[in-house]
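S.K.: One structure follows; several queries about it will come next.
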Amino acid sequence: MAVKEIVLKDLDVTKFIEEKAKEVAGLVGDGVAINALSGGVDSSAVTMLGHKALGKRLKTYFIDNGIMRAGEPQRIKALFKGLGVDIEIIDAQDEFFNALKGITDPEEKREAITQAFYKDVFGRLVRKSGAKHLLQGTILTDVDETIAGIKRQHNVFEQLGIDPQKAFGYKIIEPLIQLRKDGVRKVAAGLGLPESAYKRIPFPGPALAARVIGEATKERVEIARKANAIVEEDLSHTGAFQYMAILHQDRVTGMRDGKRDFGLQIEVRCWDSIDARKATPTKVPYETLSKLADRIVAEVPGVVSVTYNITKKPPSTIEAI
Ligand code: XMP
């Protein structure tokens, strides 16, 4: 069934929240539901909406899959504690790195993450909690790109003809599916999330694995994590839609301490966009880029080259895989 979009100008935030909370409560009935919070704006909004609808009957987990940004599990747990929502952190690092082992193809990587999330980790949490429903923050852009065959977004099933009940043993509820990022941000603000949460730059479900070209090993993800932390610090003042660091697979010849160093390449991307459907590279001042490159080569071991993407989406996409 086609999803009916709610465009920003037609979005009545209070009404939307009331209606969706009612809908979620009706679907879950007197049962329990689970959801996974990644700390991004979509899953943060769903967490608040789910708790409004279900209270303690929604169990929220942070899946520590080893591919999240630096310091995330503790930061997100503390933020939500302040909002009255308890989060349980699940250590699933080994499971995800095992699932990603040896995989270099982008779509296979995405599929490996999907299976590790939905079949293994959520499957186990559903059995443990007795939940029959998983609440998740899929938005319309995720659905569009998956259907178009551009990227298999980790959280899209029904539109691909996959029945989550059959495939994984539980139903999925997607209260934000009619919205795009701009709409979700307004709903997140309406749900009482602080600006630091609802204005946060988007982060993909496949996390840093989407920013490591080639195999996403623990070591390579750590390099991407360090570089992403620097990019987030140095580019946050731009107010851009999204910014990131990508670790390339190819090495290039560099030099360090007067010796040849066949080292790593980091690509920096910074995007201006409204809703992620189209995006243009931000005209970041050259001085800022130059300082960023100096920091990355100084602070991220093994990096000898930093480049800045100047290609629009389309034909590029926001993430590298
Ligand atoms: P792309 O790379 O397709 O990204 O231009 C568009 C927006 O979506 C984010 N993104 C994802 N979000 N699951 C998500 O929930 C995914 O699998 C996924 N892949 C990309 C990306 O960060 C950008 O904001």
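The values are calculated or read from the model by the stated rules, or taken from the named source; none is laboratory data. What you see is a predicted model, and the numbers here were worked out from it, not measured in a lab. Positions of Cβ are backbone-derived with ideal geometry, glycine not excepted, and every protein chain shown enters the neighbour counts. Just the protein is used for accessible areas: all its heavy atoms, side chains included, with ligands, DNA and RNA removed. Shrake-Rupley method; radii C 1.70, N 1.55, O 1.52, S 1.80 Å.
S.K.: How far apart, in nm, are two points set 7 Å out from the Cα along the Cα-to-Cβ line at Lys22 and at Asp120?
M.R.: Spacing of the two 7 Å Cα→Cβ label points: 4.2 nm.
S.K.: If you take the alpha carbon radius of gyration of the stretch 8-198 and divide it by 2.2 N^0.38 Å, what ratio comes out, to two decimals?
M.R.: Details: Rg = 16.0 Å, N = 191, 2.2 N^0.38 = 16.2 Å.
Expressed relative to 2.2 N^0.38 Å, the Cα Rg reads 0.99.
S.K.: In debye to the nearest 20, how big a dipole does the chain give about its Cα centre with +1 on each Lys and Arg Cβ and -1 on each Asp and Glu Cβ?
M.R.: Values: 48 positive and 44 negative charges, 70 e Å.
For this selection, approximately 340 debye.
S.K.: Something else: May I ask which residue of Ala276, His237, Val212 lies farthest towards the positive end of the charge dipole of the stretch 212-308, with charges of +1 (Lys, Arg) and -1 (Asp, Glu) on Cβ and the Cα centre as origin?
M.R.: Farthest along the dipole direction, towards plus: Val212.
S.K.: Between Lys218 and Ile89, how high is the FRET efficiency from 1/(1 + (r/R0)^6) when r is the Cβ-Cβ distance and R₀ = 22 Å? Nearest 0.05. Could you put the intermediate results ahead of the total?
M.R.: On the way: r = 18 Å, r/R0 = 0.83.
After rounding to 0.05, the efficiency reads 0.75.
S.K.: Follow-up question, since we're still on this one. Given a cut-off of under 8 Å on Cα pairs at least six residues apart, what relative contact order in percent is computed for the stretch 212-308? Walk me through the numbers on the way to the answer.
M.R.: Numbers: 155 pairs, mean separation 27.6, N = 97.
Contact order relative to length: 28 percent.
S.K.: Non-local amide H neighbours of Thr307 (under 5 Å, H modeled in plane, Pro and chain starts lacking H): which ones?
M.R.: Amide H to amide H, under 5 Å and 5 or more residues apart or across chains, Thr307 pairs with Ile266, Glu267, Val268.
S.K.: Calculate the spin-label point distance for Asp294 paired with Asp257, positioning each point 7 Å from the Cα along the beta-carbon direction, and give it in nanometres.
M.R.: 2.2
S.K.: Order the peptides 85-91, 137-143 from the highest to the lowest mean number of other Cβ atoms within 10 Å of their residues.
M.R.: 137-143, 85-91
S.K.: Quick one: net charge of Ile246's neighbours, Cβ under 9 Å, K/R +1, D/E -1?
M.R.: Numbers: positive: Arg211, Arg269; negative: Glu267, Glu319.
The answer is 0.
S.K.: Tell me the per residue accessible area of the stretch 231-294 using a 1.4 Å probe; a whole number in Å² is fine. Mind showing how you got there, number by number?
M.R.: Details: 3650 Å² over 64 residues.
Heavy-atom SASA per residue in the stretch 231-294 reads 57 Å².
S.K.: Here's another thing I want to ask about it. In deg cm²/dmol, rounded to 500, what helix-only [θ] at 222 nm does the chain give when every DSSP H run of at least 4 residues adds -39500 (n - 2.57) and the total is split over its residues? Let's see the in-between values first.
M.R.: On the way: 12 runs with 126 residues, N = 321.
The helix contribution divided over the chain gives -11500 deg cm²/dmol.
S.K.: Need the full-extension length gain, Gln165 to Ala148, defined as separation in residues times 0.36 nm minus the C-alpha distance. One decimal, nm. The partial results should precede the final answer.
M.R.: Values: separation 17, 0.36 × 17 = 6.12 nm, distance 2.38 nm.
Difference between extended and current length: 3.7 nm.
S.K.: Hey, another quick one. Put +1 on the Cβ of each Lys and Arg and -1 on the Cβ of each Asp and Glu in the stretch 8-198; which of Thr47, Thr141, Gly71 then has its Cα farthest toward the positive end of the dipole?
M.R.: The residue sitting farthest along the positive end of the dipole is Thr47.
S.K.: Right, next: Using only alpha-carbon positions, what ratio does the radius of gyration of the chain give when scaled by 2.2 N^0.38 Å?
M.R.: Values: Rg = 19.7 Å, N = 321, 2.2 N^0.38 = 19.7 Å.
Normalised by 2.2 N^0.38 Å, the Cα Rg of the chain equals 1.00.
S.K.: Then there's this: FRET efficiency for Ala2 and Ile310, Cβ-Cβ distance as r, R0 = 45 Å, nearest 0.05? All intermediate terms of the calculation are to be shown ahead of the outcome.
M.R.: Values: r = 36 Å, r/R0 = 0.79.
Working from the Cβ atoms, E equals 0.80.
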